[in-house]
1. With label points built 7 Å along Cα→Cβ from the Cα atoms of Leu238 and Asp118, find their separation and express it in nm.
2. List, in the order given, every pair from Lys263/Lys370; Lys72/Lys187; Lys67/Lys206 whose Cα-Cα distance in the structure shown is over 25 Å.
3. Roughly speaking, what is the stretch gain from Ala60 to Asp266, that is 0.36 nm per residue apart minus the C-alpha to C-alpha distance, in nm to one decimal?
4. For the stretch 402-434 and the stretch 43-108, what is the separation of their Cα centres, given in Å?
5. Suppose every K and R has +1 on its Cβ and every D and E has -1 on its Cβ; what is the size of the dipole of the stretch 39-95 about the Cα centre, in Debye to the nearest 20?
6. Where does each of 223-231, 374-382 land if you order them by average Cβ count within 10 Å, highest first?
7. Over the stretch 60-179, what is the mean sequence separation of C-alpha contacts under 8 Å (at least six apart), divided by residue count, expressed as relative contact order in percent?
8. Using only the Cα atoms of the stretch 339-378, each taken as one equal point scatterer with no solvent, compute I(q) by the Debye sum, divide by I(0), and report log10 of the ratio at q = 0.27 Å⁻¹.
Amino acid sequence: MKSTGLLIAAALLAVLTGVLYWSNHHTAEDTAKPATPAASKLVTVKDADVSKIEIDKKGAEQVALEKGSDGKWEITAPQKLSADQEAVTGVISVVSGLNSERVVEDHAIDLKQYGLADPSVKLNLSTKDGKTQKLLLGDDTPTGNGVYAAVGGDPRVFTIASYAKSNLDKNASELRDKRLLTTNFDKVSQIDLIAKKQTVEFGRSKEAWQILKPRPLRADNFSVEDLVRRLKDAKMDLSASADADAKKITAAFSSATPIATVKVTDATGTQTLEVRKNKTDYYAKSTAVDGVYKVANDLGMGLDKALDDFRNKKLFDFGFDDVSAVDMHDGSKAYSLVKGGPDWWSNGKKMDGASVQAFIDKFRDLAATKFVDSGFTTATIQMKVTSNDGKRVENVSIAKSGDNYVAKREGEPSLYQLDPKAIEELQKSAADVKPAAEPPSPPATKK
């Protein structure tokens, strides 16, 4: 028994000794291993200091960009073009913020295995002090999640995130200014739209648009702003950029049907955009840029509009401004409401606020189903709204015209045809206006 116990003890001691040796050896190895290097910047440069960029893409012409004295970027090669300022600053931001994911080799001898001997993309960034930094992008890593990269003058090979390559691998078409109108749209004072055999002139006063021609009319500000947005976003479709395709586009434009011509004017002058349609495609030509280009259908359809599409169909302009007084005479019925503090009053009697508000809402909702040239005879309904602290007073007259109604604003020649249902709802809401509920009587005091 004693010999057996000794054998077991000896075996346990051997096992423990082995475990202790392995533990000590493993700890020493782990301590000796270098820590994984933290991500480091590949290119040290301040965005504002970059003055020149050269992008050499394998199998393509070099793209060169320079920053002018006015701080604007311009493409200088392969041809002189205006640059998309946001796109160029985006490239610079990617480069200046680029971090390595890991170091593949500290002293790479054979760059070919990484695709860096003849890189797919090579970027040269020059700063205003005359210094240049070079970034090389090679093959994708075996996992496909990264790209091999190197920096000029540094023997190391790194990996970077694959999205960085796609953000830097740009050609001239991707970096050029694609706008067809380069006007400062915040400063536009006038727009002339020639479409559907009509010329419509819009003028802006502060933030409000008015129709000036063919005659002074109230404009629907939302519709005109939508037109402005489409013009501001009008861009050339460069998916077909080869010379042969450019010739086809020019030929298609020449034989296309004119849709609209727009003139946009700001303090610096006027730019003109002409849009035509050939079958289902739209093409445009601008005085702001050379050439003819295919454009989005959305632009063509947005310009193919008539005068009435831009007219304000609402009878009243008070919108959601505070209303201080409302009057309506409908035949023998009369409604007169005045606001005093938070409450509405009629002939010295406090009125129910909810029913008055519903009545005002019907005033606000009145809108033309279409504009007409005749049909207004004798007014049967007279309406008046005072708003904007008494600074705006609007008077509207409504006459019966067959099965419909025709309205006219005071001081304006335009005639608005109204849906009979809208008048019925207005009359009903007027009849529903009621006095405010009497406050409950205090409980009787017990004697």
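1. 2.7
2. Values: Lys263/Lys370 27 Å; Lys72/Lys187 19 Å; Lys67/Lys206 34 Å.
Check vs 25 Å cut-off fails for Lys263/Lys370; Lys67/Lys206.
3. Here the answer is 70.3 nm.
4. 63
5. It comes to approximately 160 debye.
6. Working: 223-231: 17.6, 374-382: 13.7.
Peptide ranking by packing, descending: 223-231, 374-382.
7. Numbers: 195 pairs, mean separation 31.6, N = 120.
Contact order relative to length: 26 percent.
8. Each listed q corresponds, in turn, to -0.95.
None of the figures in this text is laboratory data; all of them are computed from the coordinates on show. The model shown is predicted, which means the values in this text are computed figures rather than measured ones. FYI the Cβ positions are ideal-geometry reconstructions off the backbone, even for glycines, and counts take in every protein chain you see.
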